[in-house]
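In what follows, a single structure is set out as structure tokens and then discussed.
The values are calculated or read from the model by the stated rules, or taken from the named source; none is laboratory data. All figures in this text were calculated on a predicted structure; none of them were measured in a lab. Every residue, glycine as well, gets a Cβ built from its backbone with ideal geometry; the counts of neighbours run over all protein chains shown. Heavy atoms of the whole protein, side chains included, go into the accessibility calculation; ligands, DNA and RNA do not. Shrake-Rupley method; radii C 1.70, N 1.55, O 1.52, S 1.80 Å.
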Amino acid sequence: MAAAAGQELGTLQIRIVLVDSQGSAVPVARHGLLVSENPASAAPRLVLTAHDGTATVKLRPGNYTVESERAVRFAGRAYEWRQVVDIAAGRDVSLDLTVENAEIAAAAGDPGAPDPSPDTDGSFLLPQWQGSVVAVWTPRAHASGFVIDARGLIATSLPGIGSSSTVEVQPTPSLKVAGTVLAANHAGDVAVVRVDPEAIAGVKPVPLSCVEEARAIAGGDDLFAVGVSLRLQRGLETGTVSRLEGPEIESTLLITRESPGGPVFTSDGRVVGLTTPAADRDGRERAEHRIARTAAVCEVLAAAEPKMRDGEAPPGLPLPTEPLRPFPVDALKAAADRGVRSLSPYQISSSAFDVTFVTPPVAYAMQYQSPETHRTTSHDTRKADPDVAPAPPRMEFGHWSAYVADFPPVLLVRVTPKAVEGFWTTVARGAASTQGISIPAIKRYSSGFSRLQAFCGPTEVMPIHRFTLDMPISETETMLEGLYVYDPGAFGPACAEVRLVLYSEKEPENGDTRVVDSKVVQRVWDDFAAYRR
């Protein structure tokens with residue numbers, strides 16, 4: 001064992017691809033492969049292929065057998081592989097599993113079973129339909145949606161987009177356009193969104209069975225849901241039908257709360273509906289998701305038809321999108337080692353708002369700064385070291401915390417309403433103090449956030465996202481904050497000046513203009529130096 005531990009490992013790179021009837025390459029995702037050393041010295045190692053049909057395994061030098069855990073069904077046939085490979089120390093070995101080296105048989109089900117197995121595995125649904133699933137953004141939420149009509153119609157989860165009448169639809173990481181909510185069904189939790197048809201040109205609509213009655217679905221049936229994450233990665237989730245209740249299907253599908261609205265398929269490729277959040281009786285959201293049936297989608301689609309005739313599609317002008325290149329991990333770790341002792345170098349203020357510029361290094365350092373820089377905590381009852389500045393409080397971002405936690409390569413501008421004390425309250429406290437009565441300051445929020453405009457010199461800079469946050473101020477009240485997302489090169493020394501115009505809910509048309517201190521602009525610019533390199 002000691003000798004084996006000293007050996008340099010080799011890398012086995014596996015790729016499984018089949019070809020469909022049109023001659024297109026189809027990756028085999030989530031296929032189980034057993035990797036066994038020859039002669040066998042331990043139990044086989046199980047490896048699953050990723051969504052692109054690839055898998056990478058580190059192995060010590062030797063001879064190995066790679067074989068399918070079970071057959072994969074595709075277009076009426078069953079495919080299995082069994083190959084022998086040699087692994088050398090420090091070398092990469094590629095193994096392509098294709099039709100040519102597969103064992104092929106007919107994919108017939110058990111003749112004694114009432115429902116024979118479908119001729120294609122559900123894992124092939126992702127490569128088949130991932131291009132039809134889009135991201136849907138609103139100031140308060142992110143959801144999935146899927147194209148149902150080439151005229152620019154997209155189905156999504158109504159709870160996923162909330163009460164918004166306009167949304168932003170992102171078919172690809174480099175393309176985002178405006179969308180309008182044409183029709184919605186609150187009982188069925190379904191909405192239909194319209195975009196410029198050119199934005200989805202060439203995208204294959206997901207077929208809905210609105211005319212023919214769909215075949216029955218029963219408890220325990222396998223389900224496959226396609227969704228898109230906050231980072232715009234398409235994925236396939238699997239589950240089963242747990243309960244049928246009227247027009248709804250409850251399932252064991254585990255969908256993140258940021259991606260409801262994706263299509264749900266049965267194992268034979270039929271669309272049965274879309275995912276939508278499930279809630280307990282007390283209103284709390286559960287991890288499991290309900291499925292809004294196809295019938296509800298068809299009803300909303302029928303209600304949208306008259307509006308299609310009477311109105312025009314929103315303009316297809318491309319909107320700003322996030323950069324595709326991630327922020328260097330080494331630079332983020334270095335920021336964590338340095339730590340963030342204070343947010344003041346990243347802040348400005350107006351009479352009603354505090355504004356904080358959050359760069360990826362700042363967000364990362366606040367989350368993962370090293371113990372050496374975080375000498376005291378809110379739970380430490382010992383006297384703090386007077387020579388060490390306390391670490392800043394951990395910033396929370398409400399329902400957009402998952403977005404910030406991914407440390408996207410963007411600049412976040414957070415606008416927080418100030419708490420102020422009223423004039424007469426101040427006078428009353430002063431009068432009380434003359435009588436020897438000390439009353440703590442009684443503050444309230446003058447107004448919530450409405451919107452933000454940002455300028456680099458005379459040019460207005462359009463944000464990538466206009467997020468809002470619900471800031472709790474009591475058990476029953478919340479106040480709106482702003483969280484605007486900008487390109488990393490939006491503000492820098494090249495701007496003659498950087499100006500922000502802040503609008504409140506109380507005075508939505510009267511903006512408060514603030515020029516950002518040049519030192520703050522330089523600090524933000526320097527934080528992105530590693531990214532520019």
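Table for the structure above
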read-out	value
Count of residues meeting criterion [touching a residue at least 40 places away in the same chain (Cβ under 8 Å), farther than 12 Å from ARG290 by Cβ and open to solvent by 40 Å² or more (accessible area, probe 1.4 Å)] in the stretch 235-256	2
Residues that are open to solvent by 10 Å² or more (accessible area, probe 1.4 Å) and part of a strand (DSSP E or B), drawn from the stretch 145-163	ILE148, ASP149
Scan of the stretch 351-369 for residues that are open to solvent by 20 Å² or more (accessible area, probe 1.4 Å) and part of a loop (DSSP other than H, G, I, E, B), ordered by number	SER351, ALA352, GLN369
Residue check, PRO493 open to solvent by 40 Å² or more (accessible area, probe 1.4 Å) and either within 26 Å of ILE161 (Cβ to Cβ) or in contact (Cβ under 8 Å) with a residue 24 or more places away in the chain (or both)	yes
Qualifying residues in the stretch 132-141 (those that are in contact with a Lys or Arg (Cβ under 9 Å, 6 or more places away or on another chain) and crowded, with 24+ Cβ neighbours inside 10 Å) - the one farthest from PHE265 (Cα to Cα)	ALA135
Residues of the stretch 23-53 satisfying the condition of being among the polar types (S, T, N, Q) and open to solvent by less than 50 Å² (accessible area, probe 1.4 Å)	SER36, THR49
Test set (1) at pLDDT below 95; (2) of a type outside the set (Asp, Glu); (3) more than 15 Å from the chain's Cα centre (by Cα) - VAL147 fails condition number	(1)
Single residue of VAL169, VAL193, VAL136 found to be free of Cβ contacts under 8 Å to residues at least 40 places away in the same chain, touching a strand residue (DSSP E or B) at 6+ places or on another chain (Cβ under 6 Å) and closer than 30 Å to PRO323 by Cβ	VAL169
Filter result for the condition that a residue is touching a Ser or Thr at 6+ places or on another chain (Cβ under 8 Å), of a type in the set (Val, Ile, Thr), open to solvent by 30 Å² or more (accessible area, probe 1.4 Å) and at pLDDT 90 or above, over THR166, THR172	THR166
Exclusive hit being over 23 Å from TYR403 (Cα atoms), modelled with pLDDT of 75 or more and open to solvent by less than 50 Å² (accessible area, probe 1.4 Å), set GLY430, GLY422, GLY457	GLY457
Test: residue in the stretch 506-527 that is closer than 29 Å to ALA141 by Cβ, open to solvent by less than 20 Å² (accessible area, probe 1.4 Å) and either at pLDDT below 95 or among the polar types (S, T, N, Q) (or both)	no
Residue that is farthest from VAL28 (Cα to Cα) [pool: residues in the stretch 82-106 that are of a type in the set (S, T, N, Q) and surrounded by 13 or more Cβ atoms within 10 Å (Cβ to Cβ)]	GLN83
Single residue of the stretch 325-350 satisfying the filter (of a type in the set (D, E, K, R) and not in a loop (DSSP other than H, G, I, E, B)) that is farthest from LYS418 (Cα to Cα)	ASP330
